[in-house]
Every structure is written in structure tokens, then in C-alpha cells.
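One structure is given here, and the rest of the page talks about it.
Readers should treat all values here as calculations from the given coordinates under stated rules, not as data from a laboratory. None of these values were measured; they are calculated from a predicted model. No Cβ is skipped: glycine too gets one built from the backbone with ideal geometry, and neighbour counts run over all protein chains shown.
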Amino acid sequence: MTMTWRPAPCLAPSKEAFMMWVPIAAVIAILIIILIAMSLRIAKEYERGVIFRLGRLAGKRGPGLYLLFPFIERQILIDQRIVTAAVEKQEAITRDNVPVKVDAVVWYWIVDPAKSVVRVMNVYTAVTQISLTTLRNIIGRHTLDDVLKEKDKLAEEMRKTIDHVTEPWGVQVQMVEMKDVVIPQSMQRAMAQEAEALREKRARIIKAEAEMEAAQRLRDAAQVIMESPAGLELRRMQMITEVGAEQNTMTIVMMPSEFVSMARAFGEMKPRETKKD
């Protein structure tokens, strides 16, 4: 008995089975598209996304387009632009026991977004509070004259102190400026009197120096005239010319210097004769 081999018939999918799988595939495709759409994130040029995967730090992403797995990863956007923080007016006492009110402005920016999220709860509030305390401490370590005259030096000292504290938080302080220093009215009046006294002292010193210089010049001129008697005659003629140019009614009678010398000699001879008698 001979047996012949016959190929098994090819079972083609029926039309009913194909139509049953089409909705399932469509639903899966729609779910994939929805998940991709939910995963897409866009960060601006000055923004960085700090990523946490199941509660653990997974790094930072951005700027531009990136994926964030939904239900598994979570992000916190951090702005890396420079922040201007106004330090409200603080009342402090200087080293020489003068109450003052000082306010300032702090410019800082976040250089490490991950540290600014992990190391501190609210980095903006933390920087403001440390700026307040630093401002009061620095004012208390200096005198009133230092606060008024060396504001730039105190601002730089304040910047270094704040930057040293905020460095572990991923924050860099760029600049600190002290805006205004308010002192009591009584102290303002005392300072005004002191400034007025200093100006008066300076004016008197300048006037005395001018008189001293003028006397020195007159002495030099007199010495020159004594060495050359003809110079005195020239000076007299110049004085007559100046008086005549002013068109006044003054009359000047000129006497030769010999008459003056003769009159002085007669004046000296009269007391001598009186003593002899």
C-alpha cells in the first residue's frame, strides 16, 4: 500500500478575525500617541528642568525639546536669569551706637539648578533672608562714617559674605548695592553743623594763606625797590597814570623822595636837641 504526501492546507485569516483586531490596534496606536504627547517637554533658553525619577534625582534637561516619561518622572523648571532681590529697609545700630536704616539690592543667578532644588527648600526666600541678616551684621561692625563714606567697600564685603553662604545652594551673587542710608534728624543737624564749621575753617585758612602770600610778595617788591630807587619813581608815575585813567576828581601832589628823606632827618634831629637841652 503506497501513501502519498499532501501539503497541509494554508489557513488564511478570515475577514472576521481581521476586523476584530483593527479596533485593538487603533486603540494601542492612540495610546502610544497620547503617551508621546504627554512626554514632550519644551524648556526655554534660560530654563532648565531638574528631573526626578521615582523620587531620585535624575539630572537636568533642556533647553529645547526633550522627553519626560509620564507617571515615572517629574520635573521642576528653574529660571537661570539674573534675579534682582530688593532687601527691605533694615534698622541697625552702628559700632559707634548710632541707629540707622539701610536698604540694599542684591543681584544673583542660579548656576546649578539641581543644587538649588535639592539643597534648599525655597532658594529665592533663602537668599533674601541671608541678605537681610548680612546687611544688619555688616552695619553693626562699622562706624557711621564708614557707612556713609565707604558704601562701595561695605557692599563688596556684603557680596562676598552672601556668596560664600549661597555657594552650596548653586547660587552666585554678582553684585550688591546699598541704596539709601537714613540717620536720625538730630544726627543730621549735628553733621550739618560739623560740615559748616569745617567749611568756615577751610575758608579762614585759605584767606590767611592768601594774606601771607600777598605780604610775602609785597616784601619782595619792597626789597626790589630798595635796591633800585628809580623803580619807586616809575611806580609813582604808573599810579598817576592809573588814577588819571579813572576820570575822578582826586588831586595828587607828588614830592621828590629827597624831600621825604630831608623831612625824616629833621624829625630825627629835633628829639636829639631836646635831650641835649
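A few comments on the model shown:
- Taking all Cα pairs closer than 8 Å and separated by 6 or more residues, the relative contact order of the range 44-140 comes to 25 percent.
- Along each principal axis, Cα extent of the range 25-78, largest first, Å: 40, 25, 11
- Summed residue charge, Cβ within 10 Å of E91's Cβ, Lys/Arg positive, Asp/Glu negative: +3
- Taken along the Cα-to-beta-carbon direction at a fixed 7 Å, the label points for D79 and L57 span 2.3 nm.
- Burial ranking of peptide ranges 165-172, 42-49 (average Cβ count within 10 Å, highest at the top): 165-172, 42-49
- Stretchable slack from Y124 to R136, in nm (0.36 nm times residue separation minus alpha-carbon distance): 2.4 nm
- Around the amide H of K60, modelled in the peptide plane, lie the amide H atoms of I51, all under 5 Å away and 5 or more residues distant in sequence or on another chain.
- For the range 108-119, the Karplus equation 6.51 cos²θ - 1.76 cosθ + 1.60, evaluated at θ = phi - 60°, returns couplings of 8, 8, 8, 8, 10, x, 4, 5, 5, 9, 7, 7 Hz by residue, with Gly and Pro reported as x.
- Ranked by the mean number of other Cβ atoms within 10 Å of their residues, highest first, the peptides 192-198, 90-96, 132-138 come out as 132-138, 90-96, 192-198.
- Length released on extending from A222 to E150, taking residue separation times 0.36 nm less the Cα-Cα span: 20.8 nm
- Nonlocal amide H pairs with V120, under 5 Å, H built at 1.01 Å: none
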